[in-house]
Ligand SMILES: [Zn+2]
């Protein structure tokens, strides 16, 4: 199942400005449709196994750029905890947060699934 993202999320995923992401949508560089004045972009992210509140947390973190690609390790992402003191290392299939270390799905991994799909779409 695919999911939809905003230009803000695409911008964060691709590391570009919001203006650039909006231009991509206008020029058809990403699969975008305009709904109620906002661009809605479809990306092939698999989020069926995540709970709605996890997806919501993931989206907020993406918009706030609280989860960013690791510059040293391709495919790895760094997430900042909500109080800003702890950094977690996140991969599509693993995470160093408390839930992740117990093998549970966490919203960090949901965020990486969205970001990976969005970045791939924007490339
Ligand atoms: Zn996690």
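The values are calculated or read from the model by the stated rules, or taken from the named source; none is laboratory data. What you see is a predicted model, and the numbers here were worked out from it, not measured in a lab. All Cβ positions, even for glycine, are placed from backbone atoms using ideal geometry, and neighbour counts span all protein chains on display.
Quick notes on this structure:
- Cross-chain or 6+ apart pairs with Cβ under 8 Å, segment 81-104 first and at positive phi, then modelled with pLDDT of 95 or more: none
- Some residue of segment 25-34 being in contact (Cβ under 8 Å) with a residue 12 or more places away in the chain, assigned to a loop (DSSP other than H, G, I, E, B) and under 27 Å from residue 89 (Cβ atoms): no
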